Amino acid sequence: MRMHRYPFLVLCSLLVGSALFTPESGAQKGQPPAGPQAPNLAMPMPLGMQRGSSFELVLTGANLAEPVALMTSIPGLKATFPEDNNNGKDAAKLRVLLEAPKDAPLGTHTLRLVTARGMSNLRLFCLDDLPQTNQDAASKVKSTPQALTVPGVVAGRIDAEGSNFYKINVQAGQRLSFDVLGRRLGSPIDPLLSITDLKNQREVAYSNDAPGQQTDARLTHTFKEAGEYLIEIRDVMHRGGADYVYRLRVGDFPCATTPVPMAAKRGSKVNVAFAGPAVEGVAPVEVNVPSDPAINTVWVAPKGASGLHGWPVALVVSDYDEVVEQEPNNDPAKATPVPVPGGVTGRFEQKSDVDYFKLPLKKGRWLIEAQTLELYSPTEVYMALKDGKGADVAKLDPKAAPRLDYTAKDDGDHTLAVEHLHYWGGPGETYRITVTPYEPTIEVTLGSERFDLPQGSAALVPIQAITAKDYKGPVELSVVGHPGVTGTKTISSEAKGQNNQPAALMLISAAPDVPMGGYPIRVQAKAMINGKPVVAFAHAKPTLSQSLGGLPFPPRQLIEQQVVAITEKPPFTLTAKFDLPETLKGGNAVLTISAARAEGFDGEIALAPIGLPANVTTAVKSIPKGSNEFKAELKVAAGAAYGDFPISFNGKAKHGNKDFSVIAAPVSLVVALPFDLKVEPSPLKIDVGEKAKVKVVAVRKGGYNGPIAVEVKGLPANVTAAKGNIDMDKNEVELEISAAANAAAGEKADVNVVGTAPAAANQQNTSPNFTIAVNKK
């Protein structure tokens, strides 16, 4: 029996719920950490508007005062902050007048507020071509359902233990689609949709967890009889609250799940058709695929015979040739040819369908991967690869990721068999297969997707993790985007964070003349691997998903995007410097934190550490009023780990009735052993029956000046050495080595010296190996 490859998605369905062509309590409690002064947007209501219209959106939340801009992905959107009634001075409420162009792209867009103090959390915002209305109080009572105009969209919110009720009038034979956008917009709602005939109180249609909609409800229904029908929307577990918002689209529009093909080559022109439960008669859309390497997705909206658009679907922008399966291909002799490297889109239109593809593989290692859920298709696939003789050479583990890692011994055609993991089929069961040469890769995960950066100052980007396949070496990170925002960092591909701390911190800076506002940026990672440059862009998918209430698959164009708010120039800057380059376990590391003050600012600067590793503490307080520095002491416990830990300090101060926050450039806290040892000469040559001397040299660290006991280890048989001591405040000692008369001639290359520091809790370190060569006279 084949098991679900993604059991957590099955569990979620049980428990809860760019370019573009024509969890409990939601994201608030789950928001990634941000600057304490950064604005925080509560769930907006409504979460969208009709294009070509204008309306006043009321934002609520915290730290909303001093607005600078509304940052959005809607091209040409005009957003202004009315100046009446002290708008812009209330930290909890802000009115924004929005005007959307008629030709603005349909679909899901981003919305953030930028203030003089920082960048808000992300909210998704819809732009629709259907007329919009808001839920009214009558909709909360079944006996007084709110009347809807069809076609149209209603923006609503669910209360705990409650439902929303709407009514529509339909004609006999009329076909309508009902699409609830909630979970896909970052709302925690798992919507259930039901439609009841008011004449006889019989349910005629129902949806919960529509395929490919991330637990949102969606259906298309043809009404047999004319009359009034009741629409009920509720959370499947009867939850509700301020974050449980949704948009119900009603009209005779198509319901597509994915495009066909699901990917198109960068810079090409392609006719895009659609897959899904209600796309009959929908004409293909011609798409000019962008050549811009920063664009990874094009959203394409299907248009029905009624002239209404269904919600857009994601077309992947690929660097490879892409084809579509050619039916019939359910026999190896009729396998669809696939360009290699390249991609192919297929569909299981019937249950137990098996699709075959011909892959002309060259000798070498290949990755054959299936993409479905991450491209918003509900399909799970199983794959098996056969060589030119029909023998099985690779099969997918049903419990593993849908990927075959195969090494071809010779050039030749191979046949790939693809079938549904659960033998299902239907109009929306699409998949994409890619066939690419195996290459080493690098992946960089950031700790946040938004940063606040003062004019002429700096901020820290947490590099949460770095993952490299078949590569060990340096990775160069750099910020790309606005020319006034810069930052670079070189880290090891093996860098690891400890105790939930980042693997590294990258300092980014803003030029003093960058205007306040919001700017998109990306963090680029580069490495030279096997003589070839490998480039990837960092992502913050964990925090992006968290900011959208745990949405498993956020809009894919956002995954590698970050944003920065350029905030008001602070009246001071900070630097930190350790007195010594290293410190020891059980010791103290002293550093000086200095402030460069602007003229007219002499206030107290409160200090707080950032990124202290485990078992390191400090009582750092503040730089006093009128002073320019503070001596801080870090206590490094005996249980601290050895290593190089980037740490920083945040300084906060008030000036001109405003709060300012500044980050110091990171400095390295190096927790080291008390000394390093080296041995001279190497190799040491000694004759049988004779004596020789080696010099052991200590390089002291962390201020350690105590004695060091040294002992030679790993000596050849019948070769002995005296123990010795490097005295306090001294750096070397000579040890005598004797070769007995019965010592065997030869070389031993793994001899070393172990040193012990009795005045530093007997910490030990070992010299590099050296060679002793025993010679016959």
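The values are calculated or read from the model by the stated rules, or taken from the named source; none is laboratory data. None of these values were measured; they are calculated from a predicted model. Methodologically, a virtual Cβ is constructed for each residue, glycine included, from the backbone with ideal geometry; neighbour enumeration extends over all protein chains shown. Keep in mind that these areas ignore ligands, DNA and RNA; they rest on the heavy atoms of the full protein, side chains included. Shrake-Rupley method; radii C 1.70, N 1.55, O 1.52, S 1.80 Å.
Things to note:
- When the Cα positions of I726, A540, G651 are compared along the charge dipole of the chain, I726 comes out farthest toward the positive end, with charges on each C-beta of Lys, Arg, Asp and Glu.
- Remark: region 56-72, residue by residue, has Karplus-estimated 3J(HN,Hα) of 9, 9, 9, 8, 10, x, 9, 6, 8, 6, 6, x, 10, 6, 9, 8, 9 Hz, where x stands for each Gly or Pro and the curve is 6.51 cos²θ - 1.76 cosθ + 1.60 at θ = phi - 60°.
- For the peptides 92-98, 488-494, 310-316, the ranking by packing is 310-316, 92-98, 488-494, with the highest mean count of neighbouring Cβ atoms within 10 Å listed first.
- Ordering of 193-199, 723-729, 106-112, 519-525 by packing [mean C-beta count within 10 Å, highest first]: 106-112, 519-525, 193-199, 723-729
- Assuming charge only on the beta carbon of Lys and Arg (+1) and of Asp and Glu (-1), the dipole of the chain about its Cα centre is about 1000 debye to the nearest 20.
- Between F348, G182, P145, the Cα set farthest toward the positive side of the dipole of the chain (charges on each charged residue's Cβ, about the Cα centre) is that of G182.
- Converting phi to 3J(HN,Hα) with the Karplus coefficients 6.51, -1.76 and 1.60 and the offset θ = phi - 60°, region 660-665 yields 10, 9, 10, 10, 7, 4 Hz in sequence order, with x at every glycine or proline.
- Both radii come from the Cα set of region 670-765: Rg as radius of gyration, Rh as Kirkwood radius; their ratio Rg/Rh reads 1.02.
- Electrostatic bookkeeping for V662 treats Lys and Arg as +1 and Asp and Glu as -1; over the other residues with beta carbon under 14 Å from its beta carbon, the sum is +2.
- ³J(HN,Hα), Karplus 6.51/-1.76/1.60, whole Hz, each residue of region 76-84, x for Gly, Pro: x, 5, 9, 10, 10, 9, x, 9, 7
- In terms of the mean number of neighbouring beta-carbon atoms within 10 Å, the peptides 260-272, 762-774 order highest first as 260-272, 762-774.
- Per the Debye formula on identical point scatterers at the alpha carbon atoms of the chain, with no solvent, log10 I(q)/I(0) at q = 0.10 Å⁻¹ is -1.11.
- Ordering I433, A417, Q501 by the projection of their Cα atoms onto the charge dipole of the chain, which places +1 on the Cβ of Lys and Arg and -1 on the Cβ of Asp and Glu, puts Q501 at the extreme positive end.
- Contact order relative to length of region 663-750, as percent, for alpha carbon pairs under 8 angstrom and 6 or more apart: 31
- Positive minus negative residues near E429 (Lys, Arg vs Asp, Glu; Cβ under 13 Å): -3
- Less than 5 angstrom separates the built amide H of E582 from those of G702, all sequence-distant by 5 or more or on a different chain.
- Once you reduce region 349-411 and region 258-315 to the center of their Cα atoms, the two points are 25 Å from each other.
- The chain - percent of accessible surface contributed by carbon and sulfur, probe 1.4 Å: 51
- Size of electric dipole in region 235-332: Cβ of Lys, Arg +1 and of Asp, Glu -1, about Cα centre, debye, nearest 20: 440
- For region 564-649, the relative contact order comes to 32 percent (Cα pairs under 8 Å, sequence separation of at least 6).
- The residues of region 319-451 expose, per residue, 44 Å² of accessible area to a 1.4 Å probe.
- Diffusion coefficient, µm² s⁻¹, Stokes-Einstein with Kirkwood Rh over alpha-carbon pairs of region 220-374 at 25 °C and 0.890 mPa s: 132
- Within region 175-321: Cβ-based charge dipole about Cα centre, in debye rounded to nearest 20 (Lys, Arg +1; Asp, Glu -1): 120
- Taking every C-alpha pair closer than 8 Å and separated by at least 6 residues, the mean separation divided by the residue count of region 517-630 gives a relative contact order of 19 percent.
- Selection of trypsin sites (Lys or Arg not before Pro), region 355-410, meeting DSSP coil and at most 16 other Cβ within 10 Å: K362, K363, K389, K399, K409
- Sum of side-chain charges, K489 neighbourhood, beta-carbon under 12 Å (Lys, Arg +1; Asp, Glu -1): 0
- Accessible area expressed per residue, region 711-777, with surrounding protein chains retained (probe 1.4 Å, Å²): 56
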